[in-house]
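Structure first, then comments.
The values are calculated or read from the model by the stated rules, or taken from the named source; none is laboratory data. Note that the structure is predicted; figures quoted are calculated from it, not measured. Cβ placement follows ideal geometry from the backbone for every residue including glycine, while neighbour counts extend to all protein chains displayed. Each accessible area value is taken on the protein alone, full model and side chains, heavy atoms only, with ligands, DNA and RNA left out. Shrake-Rupley method; radii C 1.70, N 1.55, O 1.52, S 1.80 Å.
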Amino acid sequence: MRWGMLINLDKCISCYACVAKCKQEHFLPKDVLWAKILVSETGQEPSVKKQAYPVLCNHCEDAICVQVCPTGATRKNEDGIVSIDPDKCVGCRSCLVACPYQVRTYHRKREPFFGYQGLTDFERIGDKLYPLQTGTVVKCNFCMERVHGGIKQGLIPGVDVDATPACVITCPAKARYFGDLDDPTSEISVLIRKWNAAPLRPDFGTKPSVYYANL
């Protein structure tokens, strides 16, 4: 089993719903984003074309971040999800430098969204429900809590809402798919073959688990 994600770029409308939902789901500080959208423009006026590329941790099969971590804080789970153990992370940022996709963030401390007004109720709740340790590296974890928690309840990630990453279920254009890459009959595997999808920069040699259709 290897969990992965497929993003259809033709369907993406760059509404940033995935970015906002990820931030809400994990109570991320104002200076931290695990989901991002890169926007490029090609052509010349009046025929300029805009292209949006949603990006996140690629949960690579041959993850460089895992190889360079000196404490074993960054690890690849049996299901392919690359996660970080905050209790083992010493904040050396070796993984941050090594990641070719630059999707990791060093978390210094939680700064209030509104400065001198102090933490909002939302931020206080976040510190209790989803605390981020100061001086550690953080990143997208494929909503591991939802995936693993859903499986324990007998749910199927990518099919059942409560077992699927938040960015996937919130996408209004249904541009994202999640499932088992090792299962050739899963929806994501079928669509990857159908659309001839590919990861970003496969030449990096890390074998990402995030695929894009219509690159």
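Points to keep in mind about this one:
- Mean Cα-pair separation over length for the chain, i.e. relative contact order, pairs under 8 Å, 6 or more apart, %: 30 percent
- For peptides 41-48, 125-132, sequence by mean Cβ density within 10 Å, most packed first: 125-132, 41-48
- Shape class of the range 132-215 from the Cα gyration tensor (axes a ≥ b ≥ c, square roots of the eigenvalues): oblate, since a/c reaches 1.5 or more and a/b does not exceed b/c.
- Column: log10 I(q)/I(0), Debye, Cα scatterers of the chain, q = 0.11, 0.12 Å⁻¹: -0.55, -0.66
- Ranked by solvent-accessible area (1.4 Å probe, protein heavy atoms only, all chains present), the residues 124, 146 order from largest to smallest as 124, 146.
- Highest mean packing first, where packing is the average number of other Cβ atoms within 10 Å per residue, the peptides 55-62, 32-39 line up as 55-62, 32-39.
- Probe 1.4 Å, accessible area per residue of the range 1-96, Å²: 50 Å²
- Of the peptides 173-182, 193-202, 135-144, 112-121, the ranking by mean beta-carbon count within 10 Å, highest at the top, reads 135-144, 173-182, 193-202, 112-121.
- The aspartates and glutamates within cross-link reach of residue 174, meaning a Cα-to-Cα straight distance under 19 Å and a gap of 8 or more places when in the same chain, are 10, 25, 160, 162, 187.
- Lysine pairs in the range 1-137 with Cα atoms under 22 Å, if 8 or more residues apart or on separate chains: 21
- Stretching the chain fully between residue 145 and residue 40 yields a gain of 34.5 nm (0.36 nm per residue, less the alpha carbon separation).
- Computed E for residue 30/residue 162 - FRET, C-beta separation, R0 35 angstrom, nearest 0.05: 0.80
- Inter-label distance for residue 120 and residue 49, nm, one decimal - labels placed 7 Å from Cα along Cα-to-Cβ: 3.8 nm
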